[in-house]
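The next block holds one structure in the form of structure tokens; read it before the comments.
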Amino acid sequence: MHIEQLTCAIGAELKNVRLADAVHDDGLFDAIRTALLRHRVLFLRDQEITRAEHVAFARRFGELEDHPVAGSDPEHPGLVRIYKSPDQPNDRYENAWHADATWRDAPPFGCVLRCVECPPVGGDTMWANMVLAYENLPAHVKEQIADLRARHSIEASFGAAMPIEKRLALKAQFPDAEHPVVRIHPDTGEKVLFVNAFTTHFTNYHTPARVRFGQDANPGAGQLLAYLLSQVAIPEYQVRWRWSKNSIAIWDNRSTQHYAVMDYPPCHRKMERAGIIGDVPF
């Protein structure tokens, strides 16, 4: 296996390797997992693997999750089909910077995403290194956010366009989760800036140390959150991947965010994703 680094901040392409072999080859799988922790997102091309092999490889990282909105392939639990077509011009859930399912108490460890069909031009996906985003924050901002916690909501994202009854039922099934604004990566010990498109507000901002009067809390908290959310847009933290049929991305959802660029209508884009269950952030 050859590892070709794509940017200074994030991303590497794996060459001379077939992911299906890593289902049974412990040494190969360990090398891939080590590369994932170092580069945060890995890319491969020309991976003609079956859905069963896709699921089996992803399951080596841990048990797979179902998505409450997208659902799973009935024959391969844990494999989510993300199929976009010209008939879905307003289906734009992905074109925002996010880490997957942080509205869960235990967000995913990561994902294995395979391209089934893509447009001839457009439809790229971008990833950003949120460890680097934290490291480069000004010292006084790091002090401000050291003990902050925030809410993450499926209701305010996937549920927003639903009829009110369906939206409230979704919220009842998945109440807002609360996570630290700065989480510790469980494998590397690194500090990660952990706010994204699912984050709605801080839950412990309104304290005497931060707020003299109500005007300090609002817009003060909102402005701080907006500033933190903007860090992901810094190009020096990013890598951009151009898809081709049977190309694959594997990413660490705990230390990255991603953005599916929706610049390809009226074309089709068909992706299949296996999400791996993660742990509770601390």
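Which peptide among 122-129, 138-145 comes first, and what is the full order, when sorted by highest mean count of other Cβ atoms within 10 Å? All intermediate terms of the calculation are to be shown ahead of the outcome.
Details: 122-129: 22.4, 138-145: 12.8.
Ranking the peptides 122-129, 138-145 by packing returns 122-129, 138-145.
On the first, second and third principal axes, largest extent first, how far apart are the outermost C-alpha atoms of segment 33-184 in Å?
Computed over segment 33-184, the largest-to-smallest principal extents equal 48, 45, 33 Å.
Below 8 Å between Cα atoms, with a sequence gap of 6+, how large is the relative contact order for the chain in percent? If you can, show how the numbers build up before the last one.
Working: 576 pairs, mean separation 101.7, N = 282.
Relative contact order, the chain: 36 percent.
Give me the extension gain from Ser244 to Cys8: residue separation times 0.36 nm, minus the current Cα-Cα distance, reported in nm with one decimal.
On the way: separation 236, 0.36 × 236 = 84.96 nm, distance 2.32 nm.
Value of the extension gain: 82.6 nm.
At 4 °C and a viscosity of 1.567 mPa s, what translational diffusion coefficient does Stokes-Einstein give for the chain, taking Rh as the Kirkwood radius over Cα pairs? Give it in µm²/s as a whole number.
The Stokes-Einstein estimate is 66 µm²/s.
Compute the Rg/Rh shape ratio of segment 1-85: radius of gyration over Kirkwood radius, all on alpha-carbon atoms. List each step's numbers first, then the result.
Working: Rg = 14.1 Å, Rh = 14.2 Å.
Taking Rh as the inverse mean 1/r over Cα pairs, Rg/Rh reads 0.99.
What's the FRET efficiency of Lys142 with Val211 using the Cβ-Cβ distance as r and R₀ = 25 Å, to the nearest 0.05? Write down the numbers at each step before the final one.
Working: r = 20 Å, r/R0 = 0.78.
So the FRET efficiency works out to roughly 0.80.
Could you list, bin by bin from short to long, the percent of Cα-Cα pairs of segment 129-232 in 10 Å steps?
14, 40, 31, 14, 1
Under a plain spin-label model, where a point goes 7 Å from the Cα along Cα-to-Cβ, how far apart in nm are Glu178 and Asp21?
So the label points at Glu178 and Asp21 sit 4.9 nm apart.
At a 10 angstrom cut-off on C-beta neighbours, averaged per residue, how do the peptides 263-272, 207-216 rank from highest to lowest? Each step should come with its number before you reach the end.
Working: 263-272: 16.3, 207-216: 10.1.
In decreasing order of mean packing, 263-272, 207-216 become 263-272, 207-216.
For Asn204 and Thr188, calculate 0.36 nm times their separation in residues minus their Cα-Cα distance, and state this gained length in nm to one decimal. Could you put the intermediate results ahead of the total?
Values: separation 16, 0.36 × 16 = 5.76 nm, distance 2.69 nm.
Full extension from Asn204 to Thr188 adds 3.1 nm.
Looking at this model, which pairs from Lys166/Lys245; Lys142/Lys245; Lys171/Lys191; Lys15/Lys142; Lys142/Lys270; Lys15/Lys171 are more than 32 angstrom apart at the alpha-carbon? Present the calculation step by step, with values, prior to reporting the outcome.
On the way: Lys166/Lys245 35 Å; Lys142/Lys245 42 Å; Lys171/Lys191 29 Å; Lys15/Lys142 38 Å; Lys142/Lys270 40 Å; Lys15/Lys171 43 Å.
Those over the limit are Lys166/Lys245; Lys142/Lys245; Lys15/Lys142; Lys142/Lys270; Lys15/Lys171.
Can you work out the FRET efficiency for the pair Glu117 and Met162, with r the C-beta to C-beta distance and R0 = 30 Å, to the nearest 0.05?
Working: r = 28 Å, r/R0 = 0.92.
Taking R0 as 30 Å, the efficiency between Glu117 and Met162 is 0.60.
Could you sort 161-169, 9-17, 105-113 so that the peptide with the highest average Cβ count within 10 Å comes first and the rest follow in order? Write down the numbers at each step before the final one.
Working: 161-169: 11.8, 9-17: 18.4, 105-113: 22.7.
Ranked from most to least packed, the peptides come out as 105-113, 9-17, 161-169.
No lab work stands behind these numbers, since they all come straight from the coordinates. Since this is a predicted model, take the numbers as computed values, not measurements. Every residue, glycine as well, gets a Cβ built from its backbone with ideal geometry; the counts of neighbours run over all protein chains shown.
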